[in-house]
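Data first, discussion second: the structure below is written as structure tokens.
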Amino acid sequence: MSLEALVAPRLFNGETFLDHHALLIEGEMIAAAVPRSDVPSHAAVTTLPSGVVAPGFIDAQVNGGGGRLFNETPDVDTLGAIAAAHRKHGSTALLPTYITDKPEGMRLAIEAAKAAIAQGVPGIAGIHLEGPYLSVARKGAHDPALIRPLTEEDVDLILGCGIETVLLTVAPENAPNRLIRRLTEGGVIVSLGHTDADYDTAMAAADAGATGITHLFNAMSPLQNREPGVTGAALDHGGLWAGIIADGHHVHRGALSLALRAKRAPGRLFLVSDAMPTAGDPNDVFYLNGRKVTRRNGALTLDNGTLAGSDLTMDHAVRYSVAHLGIDLGEVLRMASLYPAQFLKLDRRGRLAPGFRADLVHLDETLATRGLWIAGKKLVG
């Protein structure tokens, strides 16, 4: 097997920065990170003149991109187009997200994700089912007519879907703890979202096995002095990881900064895009469950003003976090790769270390994506 050496002014290995080092890649895996002077003579060397090489971004919530929407056409071709659009912005792994819809649509989405993984579509790492087991009171852009309770039959379908990484967003008031426990014991990652539950209900769902919070602050009961709500539970329960949409539209930067300081470990905040078809596409209009969504000044809204996903990409979220949240670059890169890898239990991703997959992104001085590799194969740049 040939040895490749990727030399960059800076490498971020998931923990720390290494200057004037080379990343050694054998096939799909990382062999080592060594000083430039220690690159073996037989290695094929590629030298990047500037920027930083970091673990590829991992996005747990992607509804669409490149003009395509998973809910509209749940098939392998759509997933390939969505993944390709987000690769241009640094995402080496993502969970295509299928939101509240009819049962037959959800089955098609599951089969599409399963087929895409079997066919090796680059970047498709599982599936995220966001609903339909949500709260009508906190529906956001989800169609209330399609929201319903989680049943034993639904659990049977999800547990038997044949996909290793399944993320399921539920409202605990519409998903009994006994079913949450059954799902998590079967390997499903359960996240709380689109919920009006109180603090105690959310904490009980976490104790039953839920480990995530879907787009913290958005579409959930807020933090108040006498009722901390799901937001307070997210910050207070150390076992809960929380995705955040860092785009300047979904959450005020002050609220995000407070959450970053308040979040109890070991659960962390991590970046998600919640991207819709407009991400990486010039068209400003698309339709969600038959309802018009329009992009204006970077925000996506229904005609009534309700936010409907985002126009965000992961490299944009990284830039926003550095520029507006006061987080150092290393921590932001962990929020874009290592933390979502840990939350989603994607072993061998999120670090540039021996034995890890060679999934990496090359960012220039402005933190824009200039190159991307998945399993050692260069796909962008």
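Tell me yes or no: at least one residue of region 12-32 is of a type in the set (A, V, I, L, M), outside any helix (DSSP H, G or I), open to solvent by 60 Å² or more (accessible area, probe 1.4 Å) and more than 21 Å from His362 (Cβ to Cβ). Talk me through it step by step, then tell me what you get.
Step one: of region 12-32, the residues of a type in the set (A, V, I, L, M) are 18, 22-25, 29-32.
From what is left, the residues that are outside any helix (DSSP H, G or I) are 18, 22-25, 29-32.
When the remaining residues are screened for being open to solvent by 60 Å² or more (accessible area, probe 1.4 Å), the result is 29.
Then drop every residue that is not more than 21 Å from His362 (Cβ to Cβ), which leaves none.
Within region 12-32, none of the residues are of a type in the set (A, V, I, L, M), outside any helix (DSSP H, G or I), open to solvent by 60 Å² or more (accessible area, probe 1.4 Å) and more than 21 Å from His362 (Cβ to Cβ).
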Looking at region 293-309, is at least one residue surrounded by 20 or more Cβ atoms within 10 Å (Cβ to Cβ) and under 27 Å from Gly350 (Cβ atoms)? yes
Conditions (1) of a type outside the set (S, T, N, Q); (2) open to solvent by less than 50 Å² (accessible area, probe 1.4 Å); (3) without any contact (Cβ under 8 Å) to a residue 60 or more places away in the chain; (4) not in a loop (DSSP other than H, G, I, E, B) -> Pro340 fails only (3)
Candidates Ala204, Ala175, Ala208, Ala145 - the one that is touching a Phe, Trp or Tyr at 6+ places or on another chain (Cβ under 7 Å), modelled with pLDDT of 95 or more and either more than 20 Å from Ala259 (Cβ to Cβ) or not hydrophobic (A, V, I, L, M, F, W, C) (or both): Ala175
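Return a yes/no flag: does region 302-317 have any residue that is out of contact with any strand residue (DSSP E or B) (no Cβ under 7 Å at 6 or more places or on another chain), closer than 26 Å to Trp373 by Cβ, assigned to a loop (DSSP other than H, G, I, E, B) and not β-branched (Val, Ile, Thr).
Looking for residues that are out of contact with any strand residue (DSSP E or B) (no Cβ under 7 Å at 6 or more places or on another chain), closer than 26 Å to Trp373 by Cβ, assigned to a loop (DSSP other than H, G, I, E, B) and not β-branched (Val, Ile, Thr), one finds none in region 302-317, hence no.
Residue-wise test of (1) touching a residue at least 12 places away in the same chain (Cβ under 8 Å); (2) among the hydrophobic types (A, V, I, L, M, F, W, C); (3) under 15 Å from Thr169 (Cα atoms).
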| site | (1), (2), (3) |
| --- | --- |
| Gly209 | yes, no, yes |
| Asn218 | yes, no, yes |
| Gly229 | yes, no, no |
| Leu235 | yes, yes, no |
| Gly243 | yes, no, yes |
For region 343-381 the number of residues that are touching a strand residue (DSSP E or B) at 6+ places or on another chain (Cβ under 8 Å), outside any strand (DSSP E or B) and at pLDDT 95 or above is 18
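Can you name the residue in region 314-337 that is among the acidic types (Asp, Glu) and either free of Cβ contacts under 8 Å to residues at least 60 places away in the same chain or open to solvent by 50 Å² or more (accessible area, probe 1.4 Å) (or both) and is also nearest to Gly56 (Cα to Cα) among such residues? Explain how you work it out, then say what you get.
Kept after step one, since they are among the acidic types (Asp, Glu), are these residues of region 314-337: 315, 328, 331.
Pick out the ones that are also either free of Cβ contacts under 8 Å to residues at least 60 places away in the same chain or open to solvent by 50 Å² or more (accessible area, probe 1.4 Å) (or both) and you get 328, 331.
On the way: Asp328: 18, Glu331: 14 Å.
The selected residue is Glu331.
The values are calculated or read from the model by the stated rules, or taken from the named source; none is laboratory data. None of the values given here were measured: they were computed from a predicted structure. Methodologically, a virtual Cβ is constructed for each residue, glycine included, from the backbone with ideal geometry; neighbour enumeration extends over all protein chains shown. The protein model used for the area step is the full one, side chains on, heavy atoms only, and it has no ligands, DNA or RNA in it. Shrake-Rupley method; radii C 1.70, N 1.55, O 1.52, S 1.80 Å.
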